Every structure is written in structure tokens, then in C-alpha cells.
1. Using a 10 Å cut-off around each Cβ of peptide A:201-211, what is the average number of partner chain Cβ atoms that fall inside?
2. Using R₀ = 51 Å, calculate the FRET efficiency as 1/(1 + (r/R₀)^6) where r is the Cβ-Cβ separation of residue A:249 and residue A:531; round to 0.05.
3. What aspartates and glutamates could a cross-link reach from residue A:520, if we take a straight Cα to Cα line under 17 Å and drop same-chain neighbours fewer than 8 places away?
4. Can you give me the accessible area per residue for the protein assembly as shown, using a 1.4 Å probe, in Å²?
5. Any chance you could give the angle, 0 to 90 degrees and rounded to 10, that helix A:441-451 forms with the longest Cα principal axis of chain A?
6. Average the reciprocal distances over every distinct pair of alpha-carbons in the range B:82-148, invert the result, and give the Kirkwood radius in Å.
7. Two decimals, Cα atoms only, Kirkwood Rh: what is Rg/Rh over the protein assembly as shown?
8. Which of A:318, A:106, B:127 sits closest to the plus end of the dipole of the protein assembly as shown, meaning its Cα is farthest towards the positive end, when Lys and Arg get +1 and Asp and Glu get -1 on the C-beta?
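The values are calculated or read from the model by the stated rules, or taken from the named source; none is laboratory data. Treat the numbers as computed from the prediction; the structure is a model and nothing was measured. Using ideal geometry, Cβ is built from the backbone for each residue, glycine included, and neighbour counts are taken over all protein chains shown. Accessible surface areas use protein heavy atoms only, side chains included; no ligands, DNA or RNA. Shrake-Rupley method; radii C 1.70, N 1.55, O 1.52, S 1.80 Å.
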Amino acid sequence: MAIAKREPANTGYDLGPQEMTGSQMIWESLLREGVQIVFGHPGGAILPAYDALAEYEGDGRIHHVLVRHEQCAAHMADGFARATGEVGVCIVTSGPGATNLVTGLATAQMDSVPVVAITGQVPTSLLGTDAFQESDVVGVTQPVCKHNYLVTDIAELPLIMKEAFYIAREGRPGVVLVDVCKDVQIESGTFRYDFDISLPGFEPWPVVSSDEVQAAADLLNEAERPLILAGHGIHLSNTSEELLQLVEKAGIPVVTTLLGTGNIPETHPLSLGMGGMHGEAFANRAVQACDVLVAMGMRFDDRITGRLDRFAADAKIIHFELDRAEVGKNIVPDVAVVGDLAETLPAYLPLIKERRHQDWVDTLNEWRSETDEADIIQYEVEELIPPYVIRQLWHATEQTDKRVIVVTDVGQHQMWESQYYIHEHAGMLLTSGGLGTMGYALPAALGAQMSDREALVWCVAGDGGFQMTLQELATIQQERLPVKIAIINNGFLGMVRQWQQIFYDKRYVGTPILSPDYVKLADAYDIPAAVVRHPSEVVPVLERAHSTDGPFLVDFQVKEEVNVYPMVAPGAAVDELIRRPKPGYVQGYSGVQPSW
Amino acid sequence: MQYTLVAWMRDKPGVLNRVSGMLRRRNFNIDSLQVSHSETPGISRMTFVVDGDERVADQVVKQLRKVVDVTAVEDITNRLAILRELALIRVRTTPETRGEIMQFAEIYRAQIVDVNTENLVVQAVGTEDKVDSLIELLRPFGIEEMVRTGRVALCRGDERAKKKRHSTSIFKAAASLNGSGHDDQ
Ligand SMILES: Cc1ncc(C[n+]2csc(CCOP(=O)(O)OP(=O)(O)O)c2C)c(N)n1
Ligand SMILES: [Mg+2]
């Protein structure tokens with residue numbers, strides 16, 4: 001499941017040279033990379049490749065998922081990649097097809113997700129002439145890609161395809177785009193795939209220094225109040241197990257980043273859940289109070305650190321990180337351990353002393369109980385509030401034997417999911433962390449479900465974000481996917497409304513948002529659906545969703561002006577929290593009506 | 001402070017754009033950037049002058065290394081190196097000033113590479129300081145046009161042996177905290 005160093009699947013194809021068209025080379029390369037599913041949308045400049053696809057689709061070697069918007073092809077490839085640890089692939093035409101991809105590519109790249117995008121380009125003879133549907137795709141996507149290529153010579157195509165997968169997959173994963181001129185797709189040439197890749201400037205797996213590991217161990221062994229801050233890298237390197245061993249051996253509490261959600265089971269007594277802007281107060285206080293902070297596979301994003309110069313100010317910082325450029329970028333650590341966590345963590349573990357840190361853990365538990373007392377879920381019981389919906393969703397999915405994947409969109413519901421859903425392992429939650437892309441959830445859920453039709457995939461989206469990519473309901477039906485959809489419908493672009501409430505005097509400009517009748521909408525796509533307005537309806541509707549074969553959509557019409565607490569104001573230190581107000585004057589109602 | 005960085009990269013279309021795009025989007029302050037062939041066919045050499053502190057320089061080095069087509073990067077700021085810039089300066093002349101201008105040029109071991117009755121072109125080679133001060137001397141005469149290459153740099157003989165791929169600073173973590181310098185290995 002995790003994205004570890006993996007060899008391309010041994011597909012058993014003859015690797016000897018063969019004559020074929022550039023279009024065929026694209027598909028032959030994908031087969032050799034073990035790709036069986038691609039997400040795409042055709043158009044003029046990629047037509048030769050689509051024509052050649054007929055043969056591969058015909059005998060079932062490659063399945064093409066036709067999307068309704070190219071942005072979603074990238075999100076689906078991303079969801080597929082996050083769910084499998086393999087490279088997700090999308091394919092689109094030149095010009096508008098390619099520019100539509102950009103948001104999806106940027107989303108994947110920001111979260112270190114391996115995606116290869118193939119785009120058609122105008123013929124080489126027309127390059128640079130502002131030809132019909134020409135756009136400088138390599139130029140446009142360069143800042144959001146790990147690497148990209150323009151292919152103008154068929155002789156280079158096979159090696160470029162192989163390099164593209166290699167670069168996307170190896171080291172810190174990322175996005176590689178291959179822009180293939182139409183004439184190159186049509187021409188014939190010699191295909192082989194037995195190249196040794198030689199990229200002297202690409203150092204995906206830095207050599208681990210045992211001195212660094214030792215220095216990190218010495219520092220941690222001296223700690224009285226140690227804390228681990230675990231990010232996406234734990235999942236990418238598939239080291240949850242090792243992390244748990246470390247945590248239990250040395251008695252170290254763990255805070256995660258959003259993408260590190262579930263790195264250790266959130267039911268574990270040493271799990272403090274997510275930190276940062278909407279992290280629980282005790283998690284953020286732990287960060288500020290610890291004396292040694294061990295950051296693992298994370299990059300000190302501003303959403304986790306808050307005000308940098310006040311972040312963990314009294315702590316010595318150890319940074320385990322694969323990407324050397326992340327070391328010292330935002331935070332200068334006292335000790336850096338550069339390398340693959342799959343190597344550094346096992347080397348670290350035996351050097352760490354067995355400890356309990358009981359006083360420290362007791363303090364944290366005390367802080368935790370204070371938070372629990374003020375929890376909104378304890379007292380807002382009459383009205384339908386999002387935290388309740390999410391908690392019930394967790395209870396409902398806990399019952400199943402299936403693999404559960406929750407895909408969230410961006411906004412308040414995303415934060416509530418992270419707070420109220422209990423994640424048992426890494427990789428359970430797929431969400432757009434770095435770019436924060438509204439519209440991500442539905443297509444990414446679809447991509448994840450494509451990788452595993454047996455999984456129970458829940459798309460949890462806001463009424464705003466859902467409306468950005470809802471056209472993919474058609475794709476869900478076309479592929480007969482059993483994706484379950486929860487719309488947390490609060491009548492607002494809720495997270496932005498929350499900022500307007502707190503920082504802009506409740507001037508709700510551009511945030512009340514009208515929704516269609518989602519049940520009717522789903523019906524138009526022949527997807528069963530229900531609307532829920534009261535807490536008592538939540539459990540039954542979830543049961544109905546789970547007992548329905550195929551997709552199901554629930555429109556949860558929740559109380560409008562509920563805020564996500566606690567909250568660290570942008571630019572504030574992470575312990576300067578805006579706490580949950582006490583019952584009574586809770587989520588003051590402004591009188592502004594949502595437009596629905 | 002100014003840092004001198006040298007990077008080697010595959011000589012492919014768009015590589016300069018990849019590098020300059022990265023520097024721009026990461027908001028690095030680059031005082032000068034110069035590209036040319038290197039001793040190896042297919043490999044170009046870029047010299048950068050970076051303005052910033054040690055942490056910035058360290059980031060520039062690391063981010064450059066992440067550009068796939070960049071094959072090696074070195075920070076030669078603290079190395080013994082020959083730093084040069086070439087400038088061509090067209091100076092307005094009159095029969096009265098020409099002699100004085102040529103004298104200044106000679107003091108700076110600059111050459112006169114083009115002359116006519118209205119102006120002449122001085123070619124100066126040296127450190128940027130030296131070129132700067134010559135320009136200041138010539139300015140009162142009237143500089144009509146000027147071009148400067150930006151810094152190029154080559155390490156001195158015995159320093160060359162130290163060059164190896166991906167050498168230099170793995171950012172020594174607390175370096176900038178305790179104020180110690182770059183670790184050049
Ligand atoms: C594509 C995009 N546009 C704008 C934003 C800014 N933004 C962040 S959260 C948010 C509101 C989301 O509203 P909704 O989907 O209804 O979710 P809610 O916060 O109400 O749960 C907006 C507009 C964004 N993250 N992504
Ligand atoms: Mg909303």
C-alpha cells in the first residue's frame with residue numbers, strides 16, 4: 001500500500017526491439033510499468049494514441065476511464081496512486097485539455113503523489129506558431145512538476161517514458177508530464193525498453209549517514225519530554241510499524257500532520273492526533289512544551305507550525321527527511337537525518353533507550369481531558385452538526401470488514417473529518433493537504449475506488465467543493481463504482497465564512513452558496529440518494545448507504561454557522577489558540593441566511 | 001553576503017528556463033547568472049551570484065540539485081577561486097578626452113577594441129569590483145552603451161581535486177544557529 005522503492009512490475013513482456021508507432025510505444029511503455037488503468041479525455045492532438053488504445057482496450061490489457069473534465073483525470077490518477085502506492089496515469093489532449101490538468105497536477109505534486117501525465121501536443125512543424133490548441137504545456141506545468149518532457153523525436157520516446165515513471169516513483173514521489181507531438185505519435189520507430197536509466201543529476205535515495213542517526217539517538221535518549229511529529233513520509237515509506245515500535249519502546253507521544261493522519265492508530269494512548277491550525281489544543285501545547293521534537297517525513301508546512309519563530313521554541317529538533325532540500329527550508333533542525341525512513345528508522349530503533357516518560361504523558365492526558373470536556377459533540381445534540389455526522393460515519397465504517405478509504409474535500413468538513421473520524425492506519429484518509437484543492441474529493445474517491453472495487457470508499461465533501469467537480473457523478477455511473485458520497489451541506493463556503501466571522505466582522509461576502517436538490521441531481525444520474533436534517537436520521541441513512549450495492553449519496557443538511565475549533569489564527573503561534581467557546585454562547589447565529 | 005555557486009547541467013532545450021524558473025518561483029535573489037559550455041560536451045556550466053545569508057545559499061544549492069537536468073552544484077564561496085567578469089563599455093570621446101580615457105584603460109589593463117571619432121569601446125576583464133571602479137572612472141566622459149557578462153568562476157589548481165559530485169554542504173543542521181560557516185568537505 002505504501003509508496004516504497006519498488007521495481008516496475010515484471011510484466012513478462014518481450015523486451016527485444018520492435019517496430020511500431022509512437023502511439024503504440026506509449027501503451028507498450030505503460031504495460032511495462034504495470035499500468036492497467038488510465039484516466040483521460042481525448043482530443044485532436046492525442047487522437048493517434050487513442051486510436052492505438054483500441055487494441056489494448058480490446059483485449060483488456062488497459063482500461064481507460066473517460067472523465068468529464070481533465071482536472072479530474074489528474075485527481076483520479078492521484079487518488080489511484082494514493083490508494084495503491086503505484087504511479088497514477090492520466091492522458092489528455094493539447095491546449096485546453098492540458099491546461100485543465102494543471103490544478104490536478106499541482107495538487108499531486110504538493111502532496112508527493114506519483115503521477116505520470118501524458119499530453120498530446122501539436123505536430124513539431126507547428127510548434128511555436130500559436131497553432132490551434134497549442135499551449136506551452138511544458139512551460140505551464142514546469143513549476144508544478146517534478147520533471148517534464150516535450151517529445152519531438154520518436155527515437156527518444158521510449159527512454160523518456162521509462163525515465164518519466166522512474167522519476168515519478170523514485171525518491172520523494174511526484175508528478176512527471178510527457179508532452180508528445182502528434183507527428184511523433186503517428187511516426188514509426190524502434191521500440192525497446194531495456195534501457196539502464198542514467199540520470200546523474202537525480203539522487204532519489206541519499207546515502208544514510210550513521211553519524212546522523214547516532215546523533216539523533218543521543219539527543220532523543222536525553223529527552224524528558226519528547227514528541228514525534230509524523231508526516232506523510234511515514235506512509236510513503238511504509239514505516240508505520242517501525243514508528244509504532246519506536247513510540248512504544250521509548251514512550252513518545254505522537255502528533256501527526258494532516259497527511260500523516262493514522263500514522264499510528266488514533267486509538268493508541270500515545271496518539272495526540274493532528275496538530276497545527278485546527279489541531280487539538282493538547283496536541284499543539286505538546287509541540288510547544290516538548291524538549292525534543294522528532295519530525296519524521298514532514299516539511300514544516302505553515303499549517304502545522306503556525307508562527308515559525310515561536311514554534312517548539314524550547315525544543316531541540318531532529319528532522320528525519322528524504323528530501324534534503326526540506327532540511328533547513330523552514331526550520332533549521334539541531335540534527336538532520338537525511339534518507340529513506342525505511343532505512344533510517346530501523347537503524348534508529350536499536351539505538352533508542354526504553355523509556356516511559358510518565359510525567360510527561362500524564363500531563364498530556366490531563367490537557368486532553370480538558371479538551372474533551374468542552375467538546376461540541378458533548379452538548380450540541382438537538383441539531384445536526386457536522387462533527388456528529390463524521391463521528392457516526394466512523395462508527396458505521398468501523399463495522400465493516402472491508403478496507404475503508406475516506407476521501408475529503410477542502411474546508412470545514414475536512415477538518416472535522418480529521419478531528420472526529422478515528423483513523424486506524426496510515427493511508428485511510430486521502431485529502432489535498434498542500435494545495436488544499438476544492439473539488440478534489442469526488443474524483444479522487446473515484447480514482448481510489450478504481451484501484452479496489454471491494455473497498456468501502458467514502459467521499460466527504462462540502463456543498464462548495466462538491467459543486468466544483470460533481471460532473472464526475474457520470475463517470476461513477478459509467479464505471480459502475482460503489483462510491484459513497486456524504487455532502488456536508490452547510491449552505492456556505494464554510495471555512496471562508498468562518499474566517500469572515502472571526503477576522504472580517506461577519507461580513508459574509510461571496511460565501512452563502514446555493515445548492516441544487518442533491519437527491520434530484522443524484523436521481524438524474526440514477527444514483528440513489530437521501531437527505532438528512534436531524535441527528536436521529538444519521539445512523540439509519542448510513543446503514544442504508546452501506547447496504548445499497550453501488551453508489552449512494554447523502555445530503556447532510558447541517559446547522560449552518562458552526563465553526564471548526566480550536567483554531568490558530570494565521571501568523572499566530574500554535575499555542576495561541578482560539579478555543580471552542582463554552583456552551584451557551586456557542587456558534588452565534590448571525591441572521592445571514594444561506595441562499596438555499 | 002554574496003555567494004558564488006557553480007552548477008553543471010545537461011545541455012538540453014529549456015534547461016536554462018527550468019533553472020531560472022525555479023529561482024524565480026522560490027523567490028531567491030540572484031545578482032547574476034551566467035551560462036556557457038563546460039569542458040564536457042553536452043554539459044553546460046552556470047555561475048550564480050546569490051545574495052542572502054548562509055541558509056539562503058544552502059537552499060539555492062539544494063533546490064538546484066533537485067532540478068533533474070542539473071548534474072552537480074558547488075558552493076565555491078569559501079574556496080580559492082578565480083572570479084572574473086568581462087565588460088564592453090562604449091565611451092563618448094572628444095579629441096581632448098580620448099588620451100585620458102585610454103590612460104585609465106591602461107591602468108586597469110583594459111583594452112581598446114573599437115575606435116572612431118565619436119567614441120571608443122573599452123574591454124575590461126577582472127573582478128566585478130575592478131570593473132565597477134573602471135566604469136565609475138569612465139562615467140563622467142559619457143557611457144553610451146555597456147554590456148557585462150556577470151561573474152564567471154574557476155577554482156584554483158589544488159582546489160580542483162576537491163570537486164566531486166554532490167559534494168559540499170549537507171546542511172549541517174545547527175550551522176546557522178551557532179554561526180559556523182559552510183561545510184565544504
Ligand atoms: C479550488 C479552490 N478554491 C477556493 C478555495 C478556498 N477555500 C478553502 S475552503 C473553502 C470553502 C469550502 O466550502 P465547502 O466546500 O462548502 O466546505 P465547508 O468549508 O463548508 O465544509 C474555500 C472557498 C480552495 N481551497 N480551493
Ligand atoms: Mg459548505
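1. Mean shielding count: 3.
2. Details: r = 50 Å, r/R0 = 0.97.
The pair residue A:249/residue A:531 has a calculated efficiency of 0.55.
3. Hits, sequence-local ones excluded: A:463, A:472, A:555.
4. 39 Å²
5. Orientation of helix A:441-451: about 60 degrees from the principal axis.
6. On the way: mean 1/r = 0.0863 Å⁻¹.
After inverting the mean inverse Cα-Cα distance, the result is 11.6 Å.
7. Numbers: Rg = 29.3 Å, Rh = 28.7 Å.
That ratio is 1.02, to two decimals.
8. Final value for the positive-end residue is B:127.
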